[in-house]
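Down below is the structure, laid out as structure tokens.
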Amino acid sequence: METLYFFILVLTVLMLAYKRVPLVWAMAIMVTATVAWTELRFLFYVPSWFRWSNGIVAVILIGFTIAPLRRLLISDRLWGVFRKALPRVSETEQEALDAGTIWWDGELFSGRPRWKELLKVPAPSLSEEEQAFIDGPIEELCRRTDDWEISEKHRRLPDELWAFIHEHRMFGMIIPKEYGGLGFSAQANSAAVMKLASRNLTAAITVMVPNSLGPGELLLHYGTQEQRDYYLPRLARGEEVPCFALTSTTAGSDAAGGMNDTGVVCRGEWQGKTVLGLRLNWNKRYITLAPVATLLGLAFKARDPDGLLGDEVELGITCALVPADAPGVEIGERHMPTGAVFMNGPTRGKDVFIPLDQVIGGQERIGQGWRMLMQSLAAGRAISLPATGTAGGKMSSLLAGAYARIRKQFDMPIGFFEGIQEPLARIGGRTYRMDAARQLTLVALDLGEKPGVLSAILKYQLTEGNRQCINDAMDVHGGKAVIMGPGNYLARGYQSLPISITVEGANILTRSLIIFGQGAIRAHPWLLKEMAAARDPRPGARKAFDKALFGHVGYMLSNMVRALMLGLSAGHATRPPVKGPTSRYFQQMTRMSAAFCFVADLVLVTLGGGFKFREMLSGRLADALIHLYLGSAVLKRFEDDGRPEEDLPLLTWAMDDSLHTIQESLKGVLQNFPVPGMGRLIKWIIFPFGSSYAPPGDETIRQVADILLTENDARDRLVDGVYLSDQEDAPGNVQTAFHLVLTATQAENAIRNALKTPVTWENHEELVRKAVESGVITEEQATTVRLAQEAVRRVIEVDSFSREEIEGSGAATASAATEAA
Ligand SMILES: Cc1cc2nc3c(=O)[nH]c(=O)nc-3n(C[C@H](O)[C@H](O)[C@H](O)COP(=O)(O)OP(=O)(O)OC[C@H]3O[C@@H](n4cnc5c(N)ncnc54)[C@H](O)[C@@H]3O)c2cc1C
């Protein structure tokens, strides 16, 4: 009996915390419970310790509910401590933190994501006009690009392709129609870049850059009406080729801090008149499209030493438009990025004068450049590079699956070996997840969100996912992928991988510093409020601090209880938003969201401002947050696609991998928890029965590999949106061979069984003849086998060149020297 009362008390307290009952209500419930139990003692036995315990909890809650009392006793005392522990945030960091909005990341940081809200978000879609553009001009541009010719012969995008791009206003996808652009959604912009990237990275980057962070985007959001009216139509028509020059030779990831480029306010000559303007000096590198640009978007530090604009000397980072033909501008030299031959190079400027009108947004925007860039990146980072990353995943799925089916070793398609099925499953599962995250985030952008944290997650994960997929695809192909030539459809993607990993926030930095560092401050329901209140010197701020602090304490306690109860019940304590095969995954994600929030909070509270320098912990917490988001996207995608049963292996792989990653990341944090011994205690709370999630199982791996090794709807959905070549080129040949091999399988098996010899492209002529003669296969089947074997031969063969072709004139000299020796 006593034990029962003990459980009633514990359960009441736990339920109040689990359900996040507001403090006033919790207090009222406990006061009522105390009175009720006291009265009920006249009817049946109620132990006095139990009534007292209820009373004590009620009194504590009353104490916490009286704001002046708790301020006096607790929060006013902690205010000073908190102020000291606050991380020091520079102006540029603050601007990055302020940029963008919080979306589903806020729900993940709540510890109890509202899945029904996520499921209400519209499914991704393109308008008819956008789809027609993707199926028309974009498809046609893909058809006209020849990767080998572009990379090896021209080493640039040929003029006719530039003309095609301009003719179809591909530089104006983000520019509204009233300015002559295409006015596309983020979804369409991404679809266009993804399709182009699936064919040729040089074309994709060339189209992508003017539609990403640069003059067009900045003018749209911050330009003066005059600037928009003049430049946007010119950019849309391709009369201006823009580039955006931020990266100084002295800078890199610390683009703002390391910037040495200056703009000094002065008077100068512009179009025959003396006007107030800026004298610019810069030295930038890595700038995409710079060698052919006509209009430079330039970031520099503006100074006003002569006080021509006011009292301030250091005006801050500023963005301006500089015509490439202005005196003193130097462009034209090219860098040679790995694997792609898009225009990229340095630019320098010596005493280039521009009037203040050329500052994007005019004089009032001087010094606001960094904020403008961060605001734009908050959305833009989710579009272009994630599109190229997803293209890599989709092409890896398509090509590695097809190749593994047509390439035989030990008399079996290599895809039938379990060793190959593992990388195939990784490619398929990752691609499914990458595409899900890409599409969900684009929907958010088209709804008007600028989810800075989620954009950083996409940039990092989808470029990293691309690397993992292409690496696996390379291994599946073996030598075929290693030998360069027109027949190699993978190596160029492999070579160019590091580009997307490095640009728009290099990945290590994005993972270690930005995703969780920014996410924890922005998406956390209380941290930003506490920080703002603690920084605010006004007396009223202490009231706000008290509210935020107690909100935070409640949130933390609740997450602890939720993590424990969800752990003890293996997630069953929460109700999933749907029934069916994914319902358990929803429950597990809720469980991990609570566990993540609890662990993250404890780390933040323990380390305070020092957290900024613990990048290993931050990186692991970032991994957990990333996979909470990716898992959410996967579950949403399955619903959006109409819950196709055939996709379940892909979903299972992705979810099992994500849950396992979250678990291992949190365990990694706890293993290295800053307070010795505490990690073990927290581990007991969030994983009360030990590890809960295993990586994808063998059966799932087999099933995913099977999707990639056959023609089926799940595979079609997986690779949807890439360019499927029907030409006689390298990717087209694999596609054709794959289809023919699958069609000819029955006939080949019949030949093999009857003639006891496996069919290969070397012996097939004779075997087919004999099989037809002996009635094993029909003439029609014979044709299929011949076509299939011929197609396989074309794919399996690799390119070889004469020595002169490879070594040029040096080959002859070398041969002569060898002979002479
Ligand atoms: C092909 C290409 C195209 C580009 N196009 C443009 C363009 O059009 N316009 C433009 O302005 N710039 C452009 N860039 C510049 C690009 O954005 C920068 O290269 C990028 O920001 C990284 O700078 P970095 O290469 O100097 O690397 P570094 O900053 O030197 O970084 C080196 C390594 O250190 C890591 N690192 C740095 N700081 C930290 C930290 N605090 N914590 C953990 N790790 C850290 C990075 O993640 C990276 O792995 C381009 C670059 C390339 C290569």
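The values are calculated or read from the model by the stated rules, or taken from the named source; none is laboratory data. As the structure is a computational prediction, the values presented were derived from the model and not from experiment. Glycine gets a Cβ as well: all are built from the backbone with ideal geometry, and neighbour counts include every protein chain shown. What goes into the accessible areas is simple: the full protein's heavy atoms, side chains included, and nothing from ligands, DNA or RNA. Shrake-Rupley method; radii C 1.70, N 1.55, O 1.52, S 1.80 Å.
Heavy-atom accessible area for GLU129, with the other protein chains in place and a 1.4 Å probe, reaches approximately 100 Å². Divide the volume of the convex hull around the Cα atoms of the range 67-127 by the residue count and you get 173 Å³ per residue. The protection proxy used here, the mean number of other Cβ atoms lying within 10 Å of each residue, ranks peptides 335-345, 627-637 as follows, highest first: 627-637, 335-345.
Here the dipole of the chain is about 4120 debye; that uses its Cα centre as origin and unit charges on the Cβ of Lys and Arg (positive) and Asp and Glu (negative). Find the centroid of the Cα atoms in the range 630-647 and in the range 501-539, then give the distance between the two in whole Å. Comparing the Cα centres of the range 630-647 and the range 501-539, I get a distance of 30 Å. Using just its DSSP H runs of length 4 or more, each adding -39500 (n - 2.57), the chain gives a mean residue ellipticity at 222 nm of -18500 deg cm²/dmol after division by all residues.
The average projected area of the range 665-821, computed from the convex hull of its Cα atoms over all directions, is 21.5 nm². At 4 °C and a viscosity of 1.567 mPa s, what translational diffusion coefficient does Stokes-Einstein give for the chain, taking Rh as the Kirkwood radius over Cα pairs? Give it in µm²/s as a whole number. D, rounded to a whole number, is 43 µm²/s. The distance from the alpha carbon centre of the range 546-565 to that of the range 123-162 is 52 Å, rounded to a whole number. Sorting the segments 180-189, 131-140 by their mean number of nearby beta carbons within 10 angstrom, highest to lowest, gives 180-189, 131-140.
Note on exposure: TRP52, TRP761, TRP684 ranked by accessible area (1.4 Å probe, complete protein assembly) read TRP52, TRP684, TRP761, with the most exposed listed first. The convex hull of the Cα atoms of the range 221-293, projected and averaged over all directions, covers 6.6 nm². Calculated translational diffusion coefficient of the range 592-698 (25 °C, 0.890 mPa s; Stokes-Einstein with Kirkwood radius over alpha-carbon pairs) equals 166 µm²/s. Ratio of Rg to Rh for the range 507-547: 1.18 [Cα atoms; Kirkwood radius as inverse mean 1/r over pairs]. Couplings for the range 54-69, taken from phi via the Karplus curve 6.51 cos²θ - 1.76 cosθ + 1.60 with θ = phi - 60°, read 4, x, 4, 4, 4, 5, 4, 5, 4, x, 5, 6, 7, 4, x, 5 Hz in order; Gly and Pro are left as x. Its alpha carbons give the range 1-79 an Rg and a Dmax of 14.3, 49 Å.
Normalised by residue count, the range 37-83 yields a Cα convex hull volume of 73 Å³ per residue.
Assuming charge only on the beta carbon of Lys and Arg (+1) and of Asp and Glu (-1), the dipole of the range 65-189 about its Cα centre is about 1400 debye to the nearest 20.
In angstrom, the C-alpha Rg and Dmax of the range 315-409 are 21.2, 68.
Note on LEU72: accessible area approximately 110 square angstrom, rounded to 10, probe 1.4 Å, nucleic acids and ligands left out. Only protein heavy atoms count here; on that basis, with a 1.4 Å probe, ASP446 has an accessible area of about 70 Å². Computed over the range 131-217, relative contact order equals 31 percent, with contacts defined as Cα pairs under 8 Å that lie 6+ residues apart. In the distance distribution for the range 227-374, Cα-Cα pairs more than 18 Å apart total 55 percent. Its Cα centre serving as origin, the range 311-392 has a Cβ charge dipole (Lys and Arg +1, Asp and Glu -1) of approximately 480 debye. Using the Cβ-Cβ distance between MET412 and PHE801 with R0 set to 25 Å, the FRET efficiency from 1/(1 + (r/R0)^6) comes to roughly 0.20. Once the Cα-Cα distance is subtracted from the 0.36 nm per residue extended length, the SER253 to ALA36 segment shows a gain of 71.8 nm. Counting only Cα atoms, the range 115-222 measures 53, 31, 22 Å along its principal axes, largest extent leading. When ASP159, ASP351, ASP536 are compared by accessible area at a 1.4 angstrom probe, the order from most to least is ASP159, ASP351, ASP536.
Here the chain has 56 percent of its accessible surface on carbon and sulfur atoms, given a 1.4 Å probe and all protein chains in place. Distance from the Cα centroid of the range 204-275 to that of the range 417-451 is 33 Å (rounded to whole angstrom). For the range 376-535, the calculated P(r), taken from all Cα-Cα distances in 10 Å bins from zero up to the bin holding the longest distance, is 11, 33, 28, 17, 8, 3, 1, 0 percent. Qualifying GluC sites (Glu not before Pro) in the range 211-242, where qualification requires a DSSP coil assignment and no more than 15 other C-beta atoms within 10 Å, comprise GLU239.
Probing with 1.4 Å while keeping every protein chain in the model, the per residue accessible area of the chain equals 43 Å². Structural descriptor for the range 9-116: relative contact order 22 percent, calculated from alpha carbon pairs under 8 angstrom and at least 6 residues apart. Normalising the average separation of contacting C-alpha pairs (under 8 angstrom, six or more residues apart) by the number of residues puts the relative contact order of the chain at 14 percent. Applying a threshold of 26 Å to the alpha-carbon distances of LYS19/LYS683; LYS547/LYS636; LYS116/LYS394; LYS450/LYS529 flags LYS547/LYS636; LYS116/LYS394 as lying beyond it. Can you classify the range 454-536 as rounded, prolate or oblate using the Cα gyration tensor, where a ≥ b ≥ c are the square roots of its eigenvalues, rounded means a/c under 1.5, and otherwise it's prolate if a/b beats b/c and oblate if not? Prolate, because a/c is 1.5 or more and a/b exceeds b/c. The share of Cα pairs per 10 Å bin across the range 542-604, counted from zero up to the longest distance, runs 23, 40, 25, 11, 2 percent.
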